[in-house]
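The values are calculated or read from the model by the stated rules, or taken from the named source; none is laboratory data. Predicted, not measured: the structure shown is a model, and the values here were computed from it. Reconstructed Cβ throughout: ideal geometry from the backbone, glycine too, with neighbour counts over all protein chains shown. These accessible areas exclude ligands, DNA and RNA; they are computed on the full protein's heavy atoms, side chains included. Shrake-Rupley method; radii C 1.70, N 1.55, O 1.52, S 1.80 Å.
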Amino acid sequence: MSRSELSVQLYTVRTALAEDLPGTLARIAGLGFRDVELFDFVDQAQEYVAQLAACGLRAPSGHASLLDEETSRVFDAAEAIGMRTVIQSMVAADQWADVAGVRATATALNAVAAEAADRGLQVGYHNHWWELQSIIGGVNALERFAGYLDDAVVLEVDTYWAQTGGVDPAALLRRLGDRVRFLHVKDGPATLDVREQVAVGAGSLDVAAIIGAAPQAQRVVELDDFAGDVFEALRDSVAYLTEQTEQTEQTEQTEQSVTA
């Protein structure tokens with residue numbers, strides 16, 4: 001993974017973004033990001049088209065409410081921005097309590113994915129902790145959900161919420177396999193208090209094992225909240241993930257030399 005393959009969920013800097021969108025995107029680019037993940041982008045599509053280009057940024061993915069918004073508006077905005085994957089950001093916890101609710105959500109998202117495919121787009125789902133806490137017949141609801149999804153639907157696994165929900169993120173990623181195309185990479189004590197989240201590499205999660213379990217997935221850095229300067233946390237997160245990548249590449253090169 002090169003530095004350019006890192007993305008950041010812009011919800012992390014939502015306060016700064018609301019005050020100064022062009023300036024905030026410029027700061028994000030200055031930290032070394034080339035990709036960003038948007039949220040609440042439909043009504044700001046044209047502004048993002050202009051400002052992302054001005055900062056040399058791309059938005060390959062974005063969060064939207066695909067199950068309760070007019071999908072044509074969402075897809076129009078995604079196409080204008082150049083986004084390829086639109087991700088359902090959440091479905092309420094009560095829908096994950098039993099098989100009927102999980103299956104209904106999967107069926108609805110499969111239908112939206114068919115619409116998206118006609119536009120050259122793909123659809124995904126992003127989890128919180130409740131999908132992992134809900135156990136149905138010995139299997140967590142997220143993995144049951146994955147079993148009902150069409151191949152066209154991808155997953156963005158929020159690894160922090162997986163840990164908070166009581167499931168080892170790396171093991172989860174290995175079980176879900178190539179369906180996982182995006183990771184929300186976060187760190188902290190894995191509690192529900194979002195203010196306790198910290199820069200990636202400064203918390204209790206085994207980030208190296210997590211990203212190693214899904215090498216095909218784009219890493220999307222996110223902090224739901226932060227007690228300090230969030231731009232400093234993002235800077236430290238980029239530095240940590242870049243260092244991890246360099247160490248992994250050096251190890252692989254050494255192993256190849258030994259076996260050559």
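Tell me yes or no: at least one residue of the stretch 54-71 is over 30 Å from D229 (Cβ atoms), among the polar types (S, T, N, Q), out of contact with any Cys (no Cβ under 8 Å at 6 or more places or on another chain) and in contact (Cβ under 8 Å) with a residue 40 or more places away in the chain.
Yes - at least one qualifying residue is present in the stretch 54-71.
Please work out which one of (1) under 18 Å from H128 (Cα atoms); (2) open to solvent by 20 Å² or more (accessible area, probe 1.4 Å) is the condition A202 fails and give its number.
Among (1) under 18 Å from H128 (Cα atoms); (2) open to solvent by 20 Å² or more (accessible area, probe 1.4 Å), A202 violates only (1).
Would you list the helices (runs of 4 or more DSSP H) that sit entirely within the stretch 1-113 and hold 3 or more residues that are among the small types (G, A, S) and out of contact with any strand residue (DSSP E or B) (no Cβ under 9 Å at 6 or more places or on another chain)?
Correct list: 21-30, 45-55.
Looking only at the stretch 68-80, count every residue that is in contact with a Lys or Arg (Cβ under 9 Å, 6 or more places away or on another chain) and over 15 Å from A111 (Cα atoms) and tell me the total.
Residues flagged as in contact with a Lys or Arg (Cβ under 9 Å, 6 or more places away or on another chain) and over 15 Å from A111 (Cα atoms) within the stretch 68-80 amount to 3.
What pairs come out if I take residues in the stretch 176-187 that are touching a residue at least 12 places away in the same chain (Cβ under 8 Å) and pair them with residues that are charged (D, E, K, R) whose C-beta lies under 6 Å away, six or more apart or interchain?
Cβ pairs passing all conditions: F182/E156; L183/R219; H184/D158; H184/E222; V185/R219; K186/E222.
Taking only the stretch 124-138 into account, find how many residues are part of a loop (DSSP other than H, G, I, E, B) and either at pLDDT below 95 or open to solvent by 40 Å² or more (accessible area, probe 1.4 Å) (or both).
Count: 3.
What about A53, is it more than 23 Å from Y240 (Cα to Cα), modelled with pLDDT of 95 or more, more than 17 Å from the chain's Cα centre (by Cα) and not polar (S, T, N, Q)?
It is true that A53 is more than 23 Å from Y240 (Cα to Cα), modelled with pLDDT of 95 or more, more than 17 Å from the chain's Cα centre (by Cα) and not polar (S, T, N, Q).
Quick one: which of E143, E115 is of a type in the set (D, E), more than 20 Å from the chain's Cα centre (by Cα) and open to solvent by 10 Å² or more (accessible area, probe 1.4 Å)?
Of E143, E115, the one residue that is of a type in the set (D, E), more than 20 Å from the chain's Cα centre (by Cα) and open to solvent by 10 Å² or more (accessible area, probe 1.4 Å) is E115.
Out of A208, A162, report the one residue that is buried (at least 23 other Cβ atoms within 10 Å of the Cβ) and part of a helix (DSSP H, G or I).
It is A162.
Checking V13 against (1) more than 30 Å from L132 (Cα to Cα); (2) in contact with a helix residue (DSSP H, G or I) (Cβ under 7 Å, 6 or more places away or on another chain); (3) open to solvent by less than 50 Å² (accessible area, probe 1.4 Å), which single condition isn't satisfied?
Result: V13 fails condition (1) only.
I'd like the full set of residues that are open to solvent by 50 Å² or more (accessible area, probe 1.4 Å) and either under 24 Å from G147 (Cα atoms) or outside any helix (DSSP H, G or I) (or both), limited to the stretch 180-199.
Hits for the stretch 180-199 are R181, P189, L192, D193.
Report, ordered by the first and then the second residue, all pairs with beta carbons closer than 9 Å, sequence separation of six or more or different chains, a first member in the stretch 20-39 that is without any contact (Cβ under 8 Å) to a residue 60 or more places away in the chain and open to solvent by 30 Å² or more (accessible area, probe 1.4 Å), and a second member that is outside any helix (DSSP H, G or I) and aliphatic (A, V, I, L, M).
What qualifies is R34/L6; R34/L57; F39/A64.
Quick one: in the stretch 228-260, of everything that is assigned to a loop (DSSP other than H, G, I, E, B) and modelled with pLDDT of 95 or more, which residue is farthest from V36 (Cα to Cα)?
G228
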